[in-house]
1. Sort out which residues of region 65-80 are in contact with a strand residue (DSSP E or B) (Cβ under 8 Å, 6 or more places away or on another chain) and surrounded by 16 or more Cβ atoms within 10 Å (Cβ to Cβ), and write them in order of number.
2. Considering only residues that are at pLDDT below 85 and either within 16 Å of ligand 1 (Cβ to nearest atom) or among the charged types (D, E, K, R) (or both), which ones fall in region 99-127?
3. Check off (1) at pLDDT 75 or above; (2) over 22 Å from K6 (Cβ atoms); (3) assigned to a loop (DSSP other than H, G, I, E, B) for V130 and give me the number that stays unchecked.
4. Taking the options D56, D33, D83, name whichever one is modelled with pLDDT under 85 and either open to solvent by 30 Å² or more (accessible area, probe 1.4 Å) or not basic (K, R) (or both).
5. Filtering region 54-98 down to residues that are near ligand 1 (Cβ under 9 Å from one of its atoms) and of a type in the set (F, W, Y), which residue is farthest from the chain's Cα centre (by Cα)?
6. When region 144-173 is examined, which residues are found to be open to solvent by 70 Å² or more (accessible area, probe 1.4 Å) and modelled with pLDDT of 75 or more?
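The values are calculated or read from the model by the stated rules, or taken from the named source; none is laboratory data. All values reported here derive from a predicted model rather than from experimental measurement. Cβ coordinates were reconstructed from backbone atoms using ideal geometry, including for glycine residues, and neighbour counts include every protein chain displayed. These area figures cover heavy atoms from the full protein model, side chains too; ligands, DNA and RNA do not enter into them. Shrake-Rupley method; radii C 1.70, N 1.55, O 1.52, S 1.80 Å.
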Amino acid sequence: MKLKKKLLALSSALGLLLLILGLFAFKADLNSDKGYVVPNGPWENLKVLPQDISKDSLEFLMNNYATSLGVKCKHCHAVSKKDPTKLDFPSDAKMEKEIGRGMIKMTNEINATYFQPHFPDPKPEQVSVVNCVLCHRGTTNPEKYLAQMGAMYKTYDPDRDNRKEKFQEEMGK
Ligand code: HEC
Ligand code: HEC
């Protein structure tokens, strides 16, 4: 009985993972940014990701973020002041990057706190059941997106105090 439950939990977790991976594979090509050059490191301004993260891993994560939100790199990264055809990746000029840091921390915390015990062989730092795309589904604001799906889901109040959106509107976005 107990074993059955464990197997069920494991297979549904695996199913979810496969679904997420499938979504990535499907959308990866559509949204990837062309023309940017990721430097080789050392990274200049990492506050959440490991300092010694490899170029491949960083690039994979960044593509992953962009795809999950349905945006390009420049949604979070400011344009370089020296060369407007390039992005200044270490710069913290864009609010979206700082929100992104909070989101990375939140996602890591959810995985570490709630998902590890469901795996028979827990591998700390490697569990990623909850992922950006699980909430975002290719939009920057999943809360708003769900509200637009119809009357069945009414949690988003456009008149509430949302300083972030007001600021973005003022900046002409
Ligand atoms: C959803 C927001 C978001 C998107 C989209 C995004 N990034 Fe990032 N990026 C971040 C955050 C947040 C950090 C800093 C992570 C930290 O502090 O540990 C970062 C850091 C980086 C760095 C390291 C800079 C340094 O030296 O400190 C590079 C390089 C980078 N991103 C490249 C890219 C590329 C290329 C793309 C497009 C494929 C991209 N990013 C898309 C949020 C984003
Ligand atoms: C538990 C659900 C959830 C997960 C997981 C999640 N997000 Fe979010 N995110 C939201 C919601 C809801 C909003 C909109 C409300 C807000 O901005 O406070 C949002 C907003 C954002 C924004 C602001 C976008 C804009 O242009 O206004 C960024 C950037 C972002 N998320 C990045 C990420 C990244 C990167 C990940 C994965 C590391 C992630 N999110 C995972 C729910 C989530």
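1. Selection gives C73, H77, A78.
2. Residues satisfying the conditions are D121, K123, E125.
3. The single condition V130 does not satisfy is (2).
4. D33
5. F89
6. K144, R163, K166, F167, E169, E170, M171 - these are the residues of region 144-173 that are open to solvent by 70 Å² or more (accessible area, probe 1.4 Å) and modelled with pLDDT of 75 or more.
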